[in-house]
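See below for the structure under consideration.
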């Protein structure tokens with residue numbers, strides 16, 4: 001008899017589609033913020049940030065960020081350090097269900113900090129959002145040029161997170177310096193995934 005493995009799923013609050021400031025104001029105020037207060041985020045804020053990154057916006061499966069051929073190679077992980085009603089650990093975001101799947105518990109943020117060359121912003125955020133990509137989803141259609149499209153796409157998604165953080169009066173920054181193999185190991189990424197960005201988020 002096979003052993004049944006229980007998967008913990010956390011349904012996220014519904015995203016808000018009508019923010020308190022205009023997109024123009026968010027663009028004007030957007031900055032890279034590397035210092036954060038030692039304060040918690042709430043689940044509504046986490047939900048909004050993840051929806052901005054890769055949330056579903058159409059019944060056909062289209063998302064908040066454009067994707068070449070609508071092939072969506074990006075994968076989003078959430079490392080939780082200080083979030084109300086969410087246990088510290090590692091989660092994977094599932095856009096279609098707008099939910100989190102727990103991958104493992106523990107102080108994952110400190111591990112990511114070490115893999116990211118000791119950059120303090122990575123350690124001090126309440127969360128770290130990590131983008132990875134399965135290049136083959138795009139290159140199987142577009143060949144070698146598909147790699148360029150994936151890099152464009154992660155930039156689109158990261159800017160969405162920047163703007164959403166601005167609307168929520170939170171700080172974030174894009175981090176691209178890290179040891180790929182270490183980060184893959186920490187996040188239990190399959191072989192076909194490659195890490196691209198770390199985005200710590202916290203209160204300013």
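Rule-based calculations on the coordinates, nothing more; no lab input. Keep in mind the model is a prediction, meaning the values are calculated, not measured. Here Cβ is always computed from backbone atoms with ideal geometry, including for glycine, and neighbour counts include all displayed protein chains.
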task = Take 152, 189 and order them by how many other Cβ atoms sit within 10 Å, fewest up front.
result = 152, 189
query = Considering every pair of different Cα atoms, what Kirkwood radius, in Å, is found for the chain?
reply = 17.2
query = Can you give the FRET efficiency for residue 147 and residue 70, using 1/(1 + (r/R0)^6), R0 = 22 Å, r = Cβ-Cβ distance, to the nearest 0.05?
reply = 0.80
ask   = Roughly how large, in nm² to one decimal, is the mean projection of the convex hull of the alpha-carbon atoms in region 66-174?
value = 7.6
ask   = Summing -39500 (n - 2.57) over the DSSP H runs of n ≥ 4 in the chain and dividing by its residue number, what mean residue ellipticity at 222 nm do you reach, to the nearest 500 deg cm²/dmol?
value = -10000 deg cm²/dmol
